[in-house]
Amino acid sequence: MVLLRMVAVTAASALALSAPVGVNAQNDTSAANDAQTGQEIEIDVLLARMTREEKIGQLVQRMGGRSKALNSRLGPEELDRVRRGEVGSYLHVAGADPLRELQRVAVEESRLGIPLLFSMDVVHGYRTIFPVPIAMAASWDPEVAREHAEIAAREASAAGLHWTFAPMVDIARDPRWGRIVEGSGEDAYLGSRMAEAQVRGFQGSDLSAPDTIVAGTKHFGAYGAAEGGRDYAGAELGERSLRETYLAPFRAAAEAGTASYMTAFNAVDGVPTTGNAALLRDMLRGEWDWDGLVLSDWRAVEELMAHGVAADRSGAAALALRAGVDMDMVADIYADDLAAAIEADPSLEPLLDQAVRRILKVKQDLGLFADPYRYHDTAREKAVMLSPEHREAARRSAANSLVLLKNEGVLPLIRDAQRIALVGALADDALSQLGSWRARGEEADVVTLKAALEARHGGVTYVRGADTRSDDTSGIAEAVRAAENADVIVAALGEDFDWSGEARSRSSLELPGKQRELFTGLEATGKPIVVVLMGGRPLAIPEIAESADAVLASWLLGVEAGPAIVDALFGFTNPGGKLPVSFPRSTGQIPVNYDHLPSGRPADPDLSKDTARYMDVEITPQYAFGHGLSYSSFDYGDIRLSGARIPASGGRIAIAVDVTNSGKVAGDEVVQLYVRDPVASVSRPVKQLRGFARVALAPGERRTVTFTLSPEQLALWNAGGKWAIEPGRIEVMVGSASDDIRARSAFEIIGEGRGRMAPAAIPTRVEVSGQKR
Ligand code: BGC
């Protein structure tokens, strides 16, 4: 309210000089009185005072710097733009003090005093860097994702930021696509849970709290389906896959209240998402009834011309605005060309007002009109960054993200009794553990595997051996010598941070550099070999899968990578993560996602038959979705259903299973629920995840996991373009991985019903022995 009064005063004095277009003084006065009474009206009052130029200014997001040189562009000319009301938001800016000054210019020196929105890609931590998102998804614990987002928001908001471009919820089934590292993998259900958890973590329950920020869920559309895994390439997919799979996590984010979305760069079936009114205006805003702020990706409005759907800049501006893009990230197309587009087509004018309203609403929800300086507390900024509690959370999250892919008895290592040869450039690569998008993360904050292992164990010999980026094999001999003199080899192999991320597609998923040769040399020593597999994507590692004694997928784990890995190697912790994406046997096998459609001729090892298999490689993935071992073992009981039949509307079914830790050590098991609709109007996937629970079990402990499903979670997008619940049998499978089903049952849906939304977007209620989640 304080600022609004100030706005009123400033505006009133300015009115004498230049009356806003289309607003007469009488309207303005009565509206100003109304402004005291309700939030919506306040925005309308402000809107009524704005000139068209000021309105367009709100739609403009400019770069205050680059992602590696924040604030570097905030010179005098830029500040003059702010004074003239030509900017609504900045990205790649940070710092409580510098942003207070920038905000001051906007609030005190522009005609209407509208505060700016400050934004950045805070994707897996701000200063305290957590595991990369694909790793957090491997925890199969949405609480890991929520907590990371909450901490990231606490640190980012303390540095003056209001808005992050995260979570990235693009489903990715092609590991050649480098951005697979930024999301939650191949599955719509797991992806949806991670999406909603992060939205809740960033935004908390009150956006105006000084330690929460706006989530910018991205990249709306089907960016992850880029053809051939080539970044920015178009997605060729049917509406059913789009709705059921690719858009499901976006819907889950909407249900969790995401205040903004960013559009994808690419096209779906030929229509670039940034100019796609059917997707953004009709579906997102219409069908989903979502009314937040839509931002384009970096220059995506301008790129509408390169896509060949706009002839010129004002055409691109009109197309994007009409589609429902409220804010233009850095292209300055709205800034420079929207006015001309509106002159040419006045029907755009109300769309401009809508966009401005949405942007002002986000500013209002953040509390910026009440106190534009609430995010600029330098004492808080100093206190929260990389605090011991944040590091501790990063370590827990790193521990939970580890996936034990293979173990033939070598892990856990015998504490203190062994001479260890630690090999591989990645073991000593601090920067890589920060992964793609590291916000304000610093290399010096990272504890590497080498540092952590040497700190914890007396007998470590470290040799780089081979690099991730060179074909130099000269270090291999020394690594082999070290291996010969050791009792066990720990080889850190995989990809460094720069092999994955934006514009980091690969045509081959093999280990880069000469790491394969290094592995072959080490393996030839006959010493037990543990591979710690690092990187941001699934790799094709058939030799390692075959010959290593143990393989621990450690992704890129953030500042606490080393200690988390060492804890697991020695059995101080027990790996309990599961793969959020299948690992192929070879690059040519992709996509190899578990929830494919059935074939009329399913793969048969008998090569004399014509079936859906490869001549040169097994049809199954190397490691399936949901796979992950433990130092313990888990037994599953039979499935108990609450009934055999449920009505299509209003029905519920409880699916219970007992899980027992049958091993000698405590461990976590991720109990996974899959369903299949064997006969429907359209062919349904062979299996679909519809529930999971990560359960901690002491040795011998048994717990009951109960999943409660509603028929809406079994709906499909039918041939008539509707969500439909069809009658018939539903098969239920519970297991330890998508390829390790331990119990099966079935029930029947009686009658027909309507679905509400993508079934994967709807969370299943899970109870673990009386504990609800
Ligand atoms: C990326 C987005 C990111 C934006 C701003 C773009 O290149 O695609 O994910 O949020 O840059 O840094």
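According to the square roots a ≥ b ≥ c of the eigenvalues of the Cα gyration tensor, what is the shape class of segment 668-773, taking rounded for a/c under 1.5, prolate for a/b larger than b/c otherwise, and oblate for the remainder?
Since a/c reaches 1.5 and a/b is larger than b/c, the shape of segment 668-773 is classed as prolate.
Measuring nothing but how far apart in sequence close Cα pairs (under 8 Å, 6+ apart) lie, relative to its length, the chain scores a relative contact order of 13 percent. Listed cross-link partners 55/363; 68/450; 55/361; 450/578 are compared with a 19 Å cut-off, the Cα-Cα value being larger for 68/450; 450/578. When each of the peptides 572-584, 374-386 is scored by how many other beta carbons lie within 10 Å of its residues on average, the order from highest to lowest is 572-584, 374-386.
Rank by packing, highest mean first: peptides 60-66, 723-729, with packing defined as the count of other Cβ atoms within 10 Å averaged across residues.
60-66, 723-729
Computed from the Cβ-Cβ distance with R0 of 60 Å, the FRET efficiency linking residue 387 to residue 617 stands at 0.80. Centre-to-centre, using Cα atoms only, segment 370-421 and segment 41-59 are separated by 45 Å.
For the chain, with all protein chains in place and a probe radius of 1.4 Å, 48% of the accessible heavy-atom surface sits on carbon or sulfur. Taking Lys and Arg as +1 and Asp and Glu as -1, the other residues whose beta-carbon sits under 9 Å from that of residue 712 total +2.
Taking 51 Å as R0, compute the FRET efficiency from the Cβ-Cβ separation of residue 100 and residue 472 and round it to 0.05.
On the way: r = 49 Å, r/R0 = 0.97.
That pair, residue 100 with residue 472, gives E of 0.55.
Against the chain, whose longest principal axis is taken from its Cα atoms, helix 188-203 shows a tilt of about 50°.
The simple Förster model, with R0 at 30 Å and r as the Cβ-Cβ distance, assigns residue 73 and residue 340 a FRET efficiency of 0.70.
Quick check: net charge around residue 592, other residues with Cβ under 14 Å of its Cβ, Lys/Arg +1 and Asp/Glu -1?
Result for the local shell: 0.
Among the trypsin sites (Lys or Arg not before Pro) within segment 616-668, those in coil by DSSP and having at most 14 neighbouring Cβ atoms inside 10 Å are 652, 664. Qualifying trypsin sites (Lys or Arg not before Pro) in segment 411-518, where qualification requires a DSSP coil assignment and no more than 16 other C-beta atoms within 10 Å, comprise 415, 419, 469.
Using Cα atoms only, what is the angle between the long axis of helix 142-158 and the major principal axis of the chain, expressed in degrees (0 to 90) to the nearest 10? Tilt relative to the chain: about 40 degrees. As a rough guide to protection, the peptides 153-165, 282-294 ranked by mean Cβ packing within 10 Å, highest first, stand as 153-165, 282-294.
Under the combined filter of DSSP loop state and at most 12 neighbouring Cβ atoms within 10 Å, segment 51-149 retains none of its GluC sites (Glu not before Pro).
All alpha carbon pair distances within the chain were sorted into 10 Å bins beginning at 0; the resulting P(r) in whole percents reads 3, 14, 23, 24, 19, 11, 5, 1, 0. You can think of it this way: the chain between residue 745 and residue 289 has 160.5 nm of extra reach, that is 0.36 nm per residue less the Cα-Cα gap.
Look at the alpha carbon pairs under 8 Å that are at least 6 residues apart: their mean separation over the length of segment 161-230 gives a relative contact order of 48 percent. For segment 255-339, the C-alpha radius of gyration divided by 2.2 N^0.38 Å, with N the number of residues, is 1.01. Net charge of the neighbourhood of residue 462, taken over other residues with C-beta under 11 Å away and scored Lys/Arg +1, Asp/Glu -1, is -1.
The values are calculated or read from the model by the stated rules, or taken from the named source; none is laboratory data. Not measured: the values here are computed from a predicted model. In this analysis, Cβ positions are derived from the backbone assuming ideal geometry, glycine residues included, and neighbour counts consider all displayed protein chains. Side chains are part of the model used for accessible areas, which takes the heavy atoms of the whole protein and leaves out ligands, DNA and RNA. Shrake-Rupley method; radii C 1.70, N 1.55, O 1.52, S 1.80 Å.
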